Amino acid sequence: MKYYYLTPGPSELYFTVPQHIQTALSHDICSISHRSAKFQEIFKEAVNNLKTLLNIPDDFYVVFTGSANEIWERIIQNCVRNYVFHLINGSFSKRFYETSLELGKKALSSEVPFGKGFEDVSSLKIPDEVEMICITHNETSSGVSMPLEDIYTLRKHYPEKLIVVDAVSSLPYPDFDYRLIDSVFFSVQKGFGLPAGLGVWIFNQRCVEKALALQKEGICIGTYHKIPELIEKASKYQTPETPNVLGIYLLGKVCSDMLSKGIQTIRKETAYKATLLYQRLSEHSFLRPAVENPSHRSSTVIVAHITDGRTSEEIINLYKPHGFILGKGYGKAKDTQIRIANFPTFSKELFEKLSDIL
Ligand SMILES: *Cc1c(COP(=O)(O)O)cnc(C)c1O
């Protein structure tokens, strides 16, 4: 039986990936040198296709890491001297905040209860000494998403501070205005439907300048994956270390497939599938949308609360025979909620079937 992994990461592979892996093997992608011209081509294609797909400005840098967890660590090391502010709206944003603390920074935060978003970001009081504001666009744990307008409002209030956005489980869905953000990052095993083990870090010149300033002051900004080293190598379509060549190859191919389909079509379909599912959940007999405020509901990670006392495992087992693997809740909500990934690989027809079965 064919199972669809509607789990929010790792998730179902983008439907073209198995074929691309076959092709990669027949072209010895996993054996070539990462200093060869062939690798440089792969790197260049991945970055160019991603920039086209997401409409990333030419003067932004795109570099590769091992995971999004690594980018949390790197961005704090490279872009914060002392003070950083975190908007915490779930477990991933909380972990990002803890990473700042563990790295010895003066981390401040504002936290909303699990399942809720920030009602009014303009009322946040972010002190002058804060250098960087960390936002998690899509909380994979609770299914809360921050409206893009709220991110831009923070930019308007704090033009001098760096604004960085964890968009791990929302991209390629959000159409960010990169002129109003300094850095965005994701890992590939969620919306892009790739095997795990690759983080993608997008940032602008302000981040580079900050890293260079810290380095000059003698502050440690990391070793092989510090920004100056990453961009120096990237300018030659290379990486400091032996990278996940297969992952970078597959990213380039999947971005190309998504470009053929059309990013507007992907975004429209995502919105349609999300509306369909939330509609179904709002009239369901034992599930309801876990996020009450419709404007804070994620379109890409749909979380439902179980209302009849059964566990998430029991609910997940109901739908497994139909070929749908749904995700458990996250953390404390592990047993009381289910999570459904609405990523680009899932067709409208599949979600219509899922909605019927639910
Ligand atoms: C999954 C996830 C991460 C961590 O990604 P890794 O690739 O496992 O490091 C970070 N932030 C969010 C919002 C996520 O969903």
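Couple of notes before you dig in:
- With every protein chain in place, the chain: carbon and sulfur % of accessible area (1.4 Å): 50
- Charge dipole (region 17-259, unit charges on Cβ, about Cα centre) - positive-most of ASN49, GLN22, PRO240: PRO240
- Rel. contact order, % - alpha carbon contacts under 8 angstrom, at least six apart, region 228-358: 22
- Among PHE15, PHE192, the order of accessible area from largest down is PHE15, PHE192, computed with a 1.4 Å probe on protein heavy atoms.
- Global form of the chain, assessed from the alpha-carbon gyration tensor, a/c cut-off 1.5: oblate
- Remark: spin-label model distance SER67-GLU149 equals 3.7 nm, labels positioned 7 Å along the Cα→Cβ axis.
- Inter-centroid distance (Cα atoms) of region 246-279 relative to region 110-159, Å: 26
- Extending 7 Å from Cα along the Cβ direction at TYR237 and again at SER285 yields two label points whose distance is 5.9 nm.
- Ranked by solvent-accessible area (1.4 Å probe, protein heavy atoms only, all chains present), the residues ASP182, ASP128, ASP150 order from largest to smallest as ASP128, ASP150, ASP182.
- Value of relative contact order over the chain, rounded to a whole percent, pairs C-alpha under 8 Å and six or more apart: 25
- Amide H contacts of SER109: HIS86, each under 5 Å away and 5 or more positions distant or on a separate chain (H built 1.01 Å from N in the peptide plane; Pro and chain starts excluded).
- Between the alpha-carbon centres of region 314-358 and region 289-305 there is a gap of 14 Å.
- For the listed peptides 250-258, 309-317, a ranking on the average number of other beta carbons within 10 Å per residue, highest first, reads 250-258, 309-317.
- Coil-residue trypsin sites (Lys or Arg not before Pro) of region 1-52, DSSP, other Cβ within 10 Å capped at 13: LYS2, ARG35
- Reduced Cα scattering model of region 68-125, Debye log10 I(q)/I(0), q = 0.26 Å⁻¹: -1.06
- For region 17-259, accessible area per residue (1.4 Å probe, heavy atoms of protein chains only), Å²: 39
- Estimated inter-spin distance, ASP120 and GLN40, nm [label 7 Å along Cα→Cβ]: 5.6
- At least 18 Å along the helix axis (C-alpha) and Kyte average at least -0.5, DSSP helices within the chain: 37-54, 245-261, 263-282
- Remark: relative contact order (region 1-126) = 15 percent; criterion is Cα-Cα distance under 8 angstrom and separation of 6 or more residues.
- In sequence order, calculated HN-Hα J values of region 165-172 (Karplus, 6.51, -1.76, 1.60; Hz; x Gly/Pro): 10, 7, 10, 4, 9, 10, 5, x
The values are calculated or read from the model by the stated rules, or taken from the named source; none is laboratory data. A quick note: this is a predicted structure, and the numbers were derived from the prediction, not measured. Cβ atoms come from the backbone with ideal geometry, glycine included; neighbour counts cover every protein chain shown. Ligands, DNA and RNA are stripped out before the accessible areas are found, and what is left, the full protein with its side chains, is counted by its heavy atoms. Shrake-Rupley method; radii C 1.70, N 1.55, O 1.52, S 1.80 Å.
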